[in-house]
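The values are calculated or read from the model by the stated rules, or taken from the named source; none is laboratory data. Just so we're clear, the structure is a prediction, and the values are computed from it rather than from any experiment. All Cβ positions, glycine included, derive from the backbone under ideal geometry; neighbour counts span all protein chains shown.
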């Protein structure tokens, strides 16, 4: 009975770690350490970005559980707290029910309120536009583009759209306002606004962790994450390209209409 | 002078805003992660003239080393600081201009910019791999010495 509870707990904490931006080797090692701490000697832990399998052998009896991981929450605050929780558990070895309670406590913490989140997206686009050499006007245009990215992400998250389509739509919608302003109002460097806002869409966690996972020998994971990075990059590229060509075609159509 | 190093300030502030996107809470984490981003760009500017791939390599090594140090100081995964700190190095401009060349049908420019962007991405990968391999070996050695 106790082993089953431990198994369930290990899968839970593994999933939470993975969803909040932990590397594969961290997920595997954390579960391994907890199992070691509770005196399980014959164990196997296997993790890839979409799945964790944990096996505990007791005598001739095997306890196995696998969890499928679909969504990512990317909450670095929770990653920090989960990592600390793992260390505490390995040191103190409290009963498993106590662990479940502590895990629930960590996961219950609310994310930032919507306003802070929107502001963060806007400000990131704002400062990255300045960083890439845009002027203050460009940065001011990039701010609402950042908000558009956040809005698209939340909306697409609600309808469970895939990463390709989400990034395509976000790339297209955020590129439109600067391009339109550039063409019909002027005074705005659309390139700078778009580059600054693209930084929000870059899959930072996947890029950072792909390298760290290769080192730990997780080549399967590295390939999976690489595919994710490429799909996201392709989505952004296609989205922005659609916006650029769309605006150009609209301009041509308007010019033709004007001539007629 | 000021104009050259102003981007470091923007990198700091942009990284700080990014911390909120990734839900970082504690102020010392936020400051440390933003500092990592600013230092990465400072190093990039300091080794100006070494060729862009080398610049990216040196900047990433600096950022990754700093991230590992912060991880040991604050007892938290290094990846937290690296995810934020490496963002200013991501060649966003390179990706965009490559795409622009493709749309305009300028194939030679597309290939040139594409290769440049790929090279800088490779340099970032190599740099961060080097540092975290060394950090891992150092940790294992220290752990073994403590056991003895």
Tell me the residue from A:252, A:205, A:231 that is within 12 Å of another protein chain (Cβ to nearest Cβ) and either out of contact with any strand residue (DSSP E or B) (no Cβ under 9 Å at 6 or more places or on another chain) or touching a residue at least 24 places away in the same chain (Cβ under 8 Å) (or both), please. A:205
In the stretch A:89-104, residue nearest to residue A:39 (Cα to Cα) [restricted to those that are touching a residue at least 12 places away in the same chain (Cβ under 8 Å) and within 29 Å of the chain's Cα centre (by Cα)]: A:90
Are any residues in the stretch A:211-256 outside any helix (DSSP H, G or I) and in contact with a helix residue (DSSP H, G or I) (Cβ under 6 Å, 6 or more places away or on another chain), and if so, which ones? A:216, A:218
Give the stretch B:74-109 a look and list any residue that's part of a helix (DSSP H, G or I) and more than 22 Å from residue A:133 (Cα to Cα), or say none. B:74, B:78, B:79, B:80, B:81, B:82, B:83, B:102, B:103, B:107, B:108
What single numbered condition from (1) within 14 Å of chain B (Cβ to nearest Cβ); (2) surrounded by fewer than 13 Cβ atoms within 10 Å (Cβ to Cβ); (3) modelled with pLDDT of 90 or more fails to hold for residue A:109? (3)
Look at the stretch A:165-202 and say how many of its residues are farther than 24 Å from residue A:155 by Cβ, within 14 Å of another protein chain (Cβ to nearest Cβ) and outside any helix (DSSP H, G or I). 1
Is it the case, given these coordinates, that residue B:46 is more than 14 Å from the chain's Cα centre (by Cα), under 15 Å from residue B:62 (Cα atoms), without any contact (Cβ under 8 Å) to a residue 24 or more places away in the chain and surrounded by fewer than 17 Cβ atoms within 10 Å (Cβ to Cβ)? yes
Within the stretch A:122-138, the residues that are at the interface with another protein chain (Cβ under 10 Å from one of its Cβ atoms) and touching a helix residue (DSSP H, G or I) at 6+ places or on another chain (Cβ under 6 Å) are A:122, A:123, A:124, A:125, A:126, A:127, A:128, A:129, A:130, A:131, A:132, A:134
Taking the condition modelled with pLDDT under 90 and touching a strand residue (DSSP E or B) at 6+ places or on another chain (Cβ under 9 Å), does residue A:41 pass? yes
Among the residues of the stretch B:1-43, write down those that are under 13 Å from residue B:89 (Cβ atoms) and either outside any helix (DSSP H, G or I) or free of Cβ contacts under 8 Å to residues at least 60 places away in the same chain (or both). B:7, B:8, B:36, B:37, B:38, B:39, B:40, B:41, B:42, B:43
Given the criterion more than 8 Å from chain A (Cβ to nearest Cβ) and touching a residue at least 24 places away in the same chain (Cβ under 8 Å), identify the matching residue among B:101, B:67. B:67
Counting only residues that are touching a strand residue (DSSP E or B) at 6+ places or on another chain (Cβ under 7 Å) and either over 30 Å from residue A:203 (Cα atoms) or surrounded by 14 or more Cβ atoms within 10 Å (Cβ to Cβ) (or both), the stretch A:63-96 contains a total of 5
Considering each residue of the stretch B:120-140, count those that are surrounded by fewer than 18 Cβ atoms within 10 Å (Cβ to Cβ) and more than 10 Å from every other protein chain (Cβ to nearest Cβ), and give that number. 6
Tally, over the stretch B:20-40, of residues that are more than 8 Å from chain A (Cβ to nearest Cβ) and surrounded by 17 or more Cβ atoms within 10 Å (Cβ to Cβ): 10
Among the listed residues A:72, A:37, identify the single one that is in contact (Cβ under 8 Å) with a residue 40 or more places away in the chain and under 20 Å from residue A:221 (Cβ atoms). A:72
